[in-house]
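Everything on this sheet refers to the single structure shown next.
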Amino acid sequence: MALYHTHRPQQFSDLIGQDHIRTTLLNALTSGTVGHAYLFSGPPGLGKTTTARLLAKAVNCKEVVGSRYTGVGTKKDSDTSPNTKYLIPNTDSEPCNTCPTCIAITKGNALDVLEIDAASNRGIDEIRELREHIKFPPSVCAKKVIIIDEVHMLTKEAFNALLKTLEEPPMHCMFILATTEPHKVPATILSRVQQFNFIRATEAMLADHIMAIAKTEKKKIDADSAALLASLAEGSFRDAVMLFDQVSSGVQSVDSDRIRAVIGLSSITEIQRFFGALEKCNRTDALAVVDDFFESGGDPGVFIAQALGEARKRLRLVDTSHAVAWINGLIHSLGQLKSSPSPRLPLELFIAEQTATHQADDTPQIDTITPPAPETAHADHTVNTPRVVMKDPVDKKIPIAIQSTPTPQLSDESWHTLIRSLRDKNASLAALLEGSHIVSAIDGKATIAVSFAFHKNKIASKTNLPLVEAAITQIAGSPYIVECIIDPSYVKKRESQEYPDLVDEAVAIFEGA
């Protein structure tokens with residue numbers, strides 16, 4: 001059995017990091033003021049379902065409830081049920097875990113404690129069946145307890161069907177709802193329950209918890225290794241225990257090297273080397289770190305998560321300007337992993353963008369000098385022809401001024417300058433334009449050619465097209481509209497220029513075939 005099942009808390013005193021919830025529930029149990037409906041909310045792995053089971057045991061435990069009930073057959077004047085039991089104050093509210101009721105609830109086979117997964121039982125029909133079920137008194141326990149996990153997954157109609165029952169349930173029944181997304185629960189439901197928010201555990205709490213489990217399991221783990229696992233768990237007790245279970249399987253001792261080997265982590269030294277290469281705009285070294293990580297069987301998501309963690313540290317301690325750009329780029333790369341045809345491509349694009357942004361600072365400036373007009377007798381025929389002159393860079397900016405006489409043809413150099421200017425505003429658009437070329441720019445109309453329909457649709461979208469037109473207008477000095485066309489031959493030309501030998505060999509092979 002998995003360790004997180006074996007070491008699931010069996011008493012309220014075992015709950016870690018949720019003192020506010022433990023204290024409030026124990027006080028309610030002690031005073032006999034347990035509510036009829038609760039909502040436990042918070043991130044996964046913090047003990048919401050576990051606490052629901054503890055509460056179910058506490059209100060039904062034979063050892064504890066015996067002193068908490070006045071006895072079978074005693075009833076209030078307003079009650080018509082002959083066998084209803086009522087709570088009275090008691091000083092000890094922890095379940096005993098030895099009586100038949102506690103054991104049955106722990107094993108998950110108690111007839112009067114019903115756990116429902118709302119993700120797979122989310123319709124109105126399931127709620128109608130539930131309403132019929134709770135009409136009957138409990139068969140063994142003192143109370144029927146209905147635990148609905150991931151309650152936010154219920155449909156609107158199911159919530160409406162549950163509403164009246166949740167507001168006025170039978171005296172012998174109580175509801176415990178659990179969710180990771182409380183904002184999706186209707187306000188009408190929230191107003192009828194007592195809500196408790198579970199908070200993430202600190203890394204110190206998780207590390208201590210891991211070391212305690214290791215001691216119980218008679219396995220060795222040092223403090224640094226426990227801290228490493230705690231940092232990977234991101235505040236989740238279940239994730240921390242599962243990670244320890246994974247890395248300790250089949251061994252008696254766990255260290256940092258084993259954790260990195262089993263989970264596929266990069267060393268701290270490699271992550272720091274990666275960011276050092278980005279700081280120096282050393283694309284080759286940064287790519288080498290990523291290549292080494294992939295060759296060792298690493299997961300790109302794990303690498304990006306590690307890099308994000310290091311970038312966050314630098315955001316708080318060292319370099320804010322670079323860290324913000326790194327975090328934005330890494331988050332974008334993480335989102336592209338699912339749709340990327342290659343797992344390492346998002347990281348390679350991130351490296352290219354971060355290093356190219358600073359390399360663009362050394363690009364020579366382009367200025368335009370307009371020669372004086374020739375002296376003629378008729379001034380109406382005077383034409384000023386722009387002349388492009390390359391200058392050494394003076395500062396970090398790239399001022400461009402092109403005189404707005406008859407619209408000139410945009411050169412390839414101007415097109416690359418335009419792409420560089422877009423990188424800071426929209427890195428994904430600049431990446432799309434890298435695979436394009438300018439066909440013509442005459443009479444206020446610029447034509448761009450791309451190789452694939454996907455690129456054309458992205459560039460011509462309502463969001464991207466105005467950015468391209470504005471950039472061309474700024475470069476040329478006069479208004480432009482942009483048309484994007486597909487030119488499949490362009491990619492073949494480019495490949496033949498970059499890899500002429502490969503193209504010749506391919507032609508020879510297929511012609512020979």
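None of the figures in this text is laboratory data; all of them are computed from the coordinates on show. Values in this document were obtained by computation on a predicted structure and should not be read as measured data. FYI the Cβ positions are ideal-geometry reconstructions off the backbone, even for glycines, and counts take in every protein chain you see.
Computed about the Cα centre, the dipole magnitude for region 268-361 is approximately 340 debye when only Lys and Arg (+1) and Asp and Glu (-1) carry charge, each at its Cβ. Put simply, the amide H of E115, placed in the peptide plane, has neighbours under 5 Å in I147, leaving out anything fewer than 5 places away on its chain.
Only Lys, Arg, Asp and Glu carry charge here, each on its Cβ (+1 for the first two, -1 for the last two); on that basis region 80-213 has a dipole of about 400 debye about its Cα centre. Here is the result for region 171-248: no GluC sites (Glu not before Pro) lie in DSSP coil with at most 13 other C-beta atoms within 10 angstrom of their C-beta. Farthest toward the positive end of the dipole of region 268-361, out of F303, N328, L278, is the Cα of N328, where the dipole comes from beta carbon charges about the Cα centre.
Think of region 203-263 as having a plus end and a minus end, set by charges on the Cβ of Lys, Arg, Asp and Glu; of I221, A207, S256, I221 sits farthest toward the positive end of this dipole. 3J(HN,Hα) couplings calculated from phi for region 260-266 with the Karplus curve 6.51 cos²θ - 1.76 cosθ + 1.60 (θ = phi - 60°) are, in sequence order, 5, 6, 6, 7, x, 9, 8 Hz; Gly and Pro show x.
Once the C-beta distance of D19 and D285 is scaled by a Förster radius of 35 Å, the resulting FRET efficiency is 0.15 to the nearest 0.05. Gain on full extension, evaluated as 0.36 nm per residue between I331 and H437 minus their Cα-Cα distance, stands at 35.3 nm. Residues in region 133-147 carry Karplus couplings, in order, of 5, 7, 5, 8, x, x, 8, 10, 7, 6, 9, 7, 10, 10, 9 Hz; the curve used is 6.51 cos²θ - 1.76 cosθ + 1.60 with θ = phi - 60°, and Gly or Pro positions show x. Given +1 at the Cβ of Lys and Arg, -1 at the Cβ of Asp and Glu and no other charges, the dipole of region 203-263 around its Cα centre is 260 debye to the nearest 20.
The phi torsions of region 42-55, fed into the Karplus equation with coefficients 6.51, -1.76 and 1.60 and a -60° offset, translate into couplings of x, x, x, x, 9, x, 5, 5, 4, 5, 4, 5, 4, 5 Hz, rounded to whole numbers, with Gly and Pro shown as x.
Shape class of region 268-361 from the alpha-carbon gyration tensor: rounded, with the ratio a/c of largest to smallest axis under 1.5. Close amide-amide hydrogen proximity is noted between H437 and A449, each under 5 Å apart and 5 or more residues distant or on a separate chain (H modeled in the peptide plane; Pro and chain starts excluded). Close amide H partners of Y38, meaning residues 5 or more places away or on another chain with modelled amide H under 5 Å apart, are F175, I176, L177, Q194.
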